[in-house]
1. Could you tell me whether the range 155-162 includes any residue that is surrounded by fewer than 16 Cβ atoms within 10 Å (Cβ to Cβ), modelled with pLDDT of 95 or more and not hydroxyl-bearing (S, T, Y)?
2. Just name the residue that is nearest to the ligand (Cβ to nearest atom) out of those in the range 209-219 that are surrounded by fewer than 20 Cβ atoms within 10 Å (Cβ to Cβ) and small (G, A, S).
3. For the range 179-208, what are the residues that are more than 16 Å from the ligand (Cβ to nearest atom), surrounded by 16 or more Cβ atoms within 10 Å (Cβ to Cβ) and part of a helix (DSSP H, G or I)?
4. Determine if the range 168-177 includes at least one residue that is farther than 19 Å from S98 by Cα, crowded, with 16+ Cβ neighbours inside 10 Å and within 14 Å of the ligand (Cβ to nearest atom).
5. Go through the range 1-112 and tell me which helices (runs of 4 or more DSSP H), entirely inside it, have 2 or more residues that are acidic (D, E).
6. Looking at (1) in contact with a helix residue (DSSP H, G or I) (Cβ under 6 Å, 6 or more places away or on another chain); (2) surrounded by 22 or more Cβ atoms within 10 Å (Cβ to Cβ), find the lone condition where D16 falls short.
Amino acid sequence: MSSCAANFSSIRQAIDDCAKDVSRDPAEVRLLAVSKNADISAIRELYDHGVRDFGENRAAVLQEKAANLPDDINWHFIGTLQSNKIRRILQSANVIHSVDSLDLIKKLDRIAGEEGKTPEFYLEISVSGETSKGGFSLEEADLAVAVAGECRYAKLAGLMTMAPLAASHEYLVEIFSGLRAIAKKHSISGLSMGMSGDFKEAISCGSTIVRVGTAIFGK
Ligand SMILES: *Cc1c(COP(=O)(O)O)cnc(C)c1O
């Protein structure tokens, strides 16, 4: 069985190769290690390997892991955002990938101000139209970007999407290019898209940060 560090290196290599294949600079594509199903020792192994960006999807688990790991980890929150957990999440996370309502944008900015934090955030857009899983619809995206632009403390880093599970190659390209088109329209450069099963399509469509869990840590 291979170690998380070895898995991380091979995913990083695959990302670099994929970026070069589409004439992109590999340095433009960050790799977020999604540690939501990993224990402290696995995260520590990657930390010792030089990895600093980790993603968690539960406020309590994030807090627990952050308390038990070095302070220079850059924690990303990727889970469903609940307004009553924002304050707690901001204690540890610098980046939030899953802001999916106008109310959450405003609350995030207000609480960031109160806590003296300047988090970065991504607006989650449901390009596929599966809004039951969260995310702004395509129709709501323009207004969401406008409201995000009014934030004083939280900073819009880009747009995020999740493709439906088991989507075909063609459909993945359609979803990811759809997100890129919205970003381009608003001159937004950050694109959080691509996971273990679809990061190659995401990179070919302009992803700037892929969120990879199982391909690094296993199931
Ligand atoms: C779990 C999760 C990931 C990682 O998914 P894998 O398929 O394990 O790589 C990425 N993004 C979000 C929002 C997740 O919840």
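1. Step one: list which residues in the range 155-162 are surrounded by fewer than 16 Cβ atoms within 10 Å (Cβ to Cβ), which gives 155.
Checking the rest, the ones that are also modelled with pLDDT of 95 or more come to 155.
Those left that are additionally not hydroxyl-bearing (S, T, Y): 155.
Yes.
2. Step one: of the range 209-219, the residues surrounded by fewer than 20 Cβ atoms within 10 Å (Cβ to Cβ) are 214-215, 218-219.
Okay, now just the ones that are also small (G, A, S), so 215, 218.
Values: A215: 6, G218: 9 Å.
Residue satisfying both the conditions and the ranking: A215.
3. R180, I182, A183, S204
4. Yes, some residue in the range 168-177 is farther than 19 Å from S98 by Cα, crowded, with 16+ Cβ neighbours inside 10 Å and within 14 Å of the ligand (Cβ to nearest atom).
5. Details: elements: 4-21, 40-48, 59-67, 86-92.
Those helices (runs of 4 or more DSSP H) span 4-21, 40-48.
6. (2)
The values are calculated or read from the model by the stated rules, or taken from the named source; none is laboratory data. All figures in this text were calculated on a predicted structure; none of them were measured in a lab. Here the Cβ is made from the backbone with ideal geometry for all residues, glycine too, and neighbour counts use every protein chain on show.
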